[in-house]
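The values are calculated or read from the model by the stated rules, or taken from the named source; none is laboratory data. Owing to the predicted nature of the structure, the values given are computational and were not obtained by experimental measurement. Don't worry about glycine lacking a Cβ; one is built from the backbone with ideal geometry, like all the others, and counts go over all protein chains shown. SASA here: full protein model, heavy atoms, side chains in, ligands and nucleic acids out. Shrake-Rupley method; radii C 1.70, N 1.55, O 1.52, S 1.80 Å.
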Amino acid sequence: QVQLVESGGGLVQAGGSLRLSCAASGRSFNSYTMGWFRQAPGKEREFVAAILWSRGSTRYADSVKGRFTISRDNAASTVYLQMNSLKPDDTAVYYCAAGSFVGLRGTTSQYDYWGQGTQVTVSS
């Protein structure tokens with residue numbers, strides 16, 4: 001019912017910035033939690049950031065706190081992840097996820113919908 005399409009990934013130097021976008025379609029998102037996750041080769045998919053669509057409340061993984069910002073544009077039905085001060089350890093495929101009433105502490109299995117992912121590579 002919900003479709004998510006990520007964009008904005010690419011190659012960036014350490015210390016640089018990148019903004020990812022997640023265009024959502026299919027329904028109203030007032031009850032939804034939107035999340036960003038990432039997965040590096042050989043690693044588990046890990047939580048990055050989440051936002052409650054209606055309230056705008058946010059939560060971040062400790063590894064990105066202070067560097068990344070999640071936000072949403074209601075009119076555009078789009079969620080963003082602004083990434084600053086990027087490090088090589090941030091290199092991964094980044095996925096947008098959505099789920100109804102998941103909450104800011106929701107885990108991977110609690111999200112109902114996933115995008116296809118976008119590659120972010122940070123060079124040193």
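Give me the orientation-averaged projected area of the Cα convex hull of the stretch 71-124, in nm², one decimal.
Values: hull surface 19.2 nm².
Averaged projected area of the stretch 71-124's Cα convex hull equals 4.8 nm².
Taking the Cα centre of the chain as origin, work out the dipole magnitude from +1 charges on Lys and Arg Cβ and -1 charges on Asp and Glu Cβ, in debye rounded to 20.
Details: 12 positive and 8 negative charges, 47 e Å.
The calculated dipole for the chain is roughly 220 debye.
Any idea which of T78, Q39, V12 is furthest toward the positive side of the dipole for the chain, if Lys and Arg beta-carbons carry +1 and Asp and Glu beta-carbons -1?
Result: T78.
Hey, any idea what % of the chain's accessible area is carbon plus sulfur with a 1.4 Å probe?
Working: 2720 of 6290 Å².
Taking all protein chains in place, the chain shows 43 percent carbon and sulfur surface.
I'd like the accessible area for S57, computed on protein heavy atoms only with a 1.4 Å probe and all protein chains in place. Round to 10 Å², please.
Surface accessible to solvent at S57 totals approximately 50 Å².
For the stretch 21-81, would you read off the P(r) tail past 15 Å as a percentage of all alpha carbon pairs? The partial results should precede the final answer.
Working: 918 of 1830 pairs.
Roughly 50 percent, once rounded to a whole number.
Hey, what's the stretch 1-114 come to in accessible area per residue, 1.4 Å probe, Å²?
On the way: 5750 Å² over 114 residues.
Spelled out: the 1.4 Å probe surface of the stretch 1-114, per residue, equals 50 Å².
Check each of the GluC sites (Glu not before Pro) in the stretch 1-73 and keep only those in coil by DSSP with at most 15 other C-beta atoms within 10 angstrom; list them in order. Write down the numbers at each step before the final one.
Numbers: sites: E6, E44, E46; in loops: E44.
Qualifying residues, ordered by number: E44.
Extending each Cα 7 Å along its Cβ direction at S25 and Q39, get the distance between those two points in nm, one decimal.
Inter-label distance under the simple model: 2.4 nm.
How far is the Cα center of the stretch 85-104 from the Cα center of the stretch 1-20, in Å?
10
For the chain, report the translational diffusion coefficient in µm²/s to the nearest whole number, using Stokes-Einstein at 25 °C, 0.890 mPa s, and a Kirkwood Rh over Cα pairs. Working shown, then result.
Values: Rh = 14.2 Å.
Estimated via Stokes-Einstein, D reaches 173 µm²/s.
Under a point spin-label approximation (7 Å from Cα along Cα-to-Cβ), what is the L11-S71 distance to one decimal in nm?
The two pseudo-label positions are separated by 2.9 nm.
Just in the stretch 49-84: which trypsin sites (Lys or Arg not before Pro) are loop by DSSP and have at most 13 other Cβ atoms within 10 Å? Can you show the working numbers first?
Working: sites: R55, R59, K65, R67, R72; in loops: R55, K65, R67.
The qualifying sites are R55, K65.
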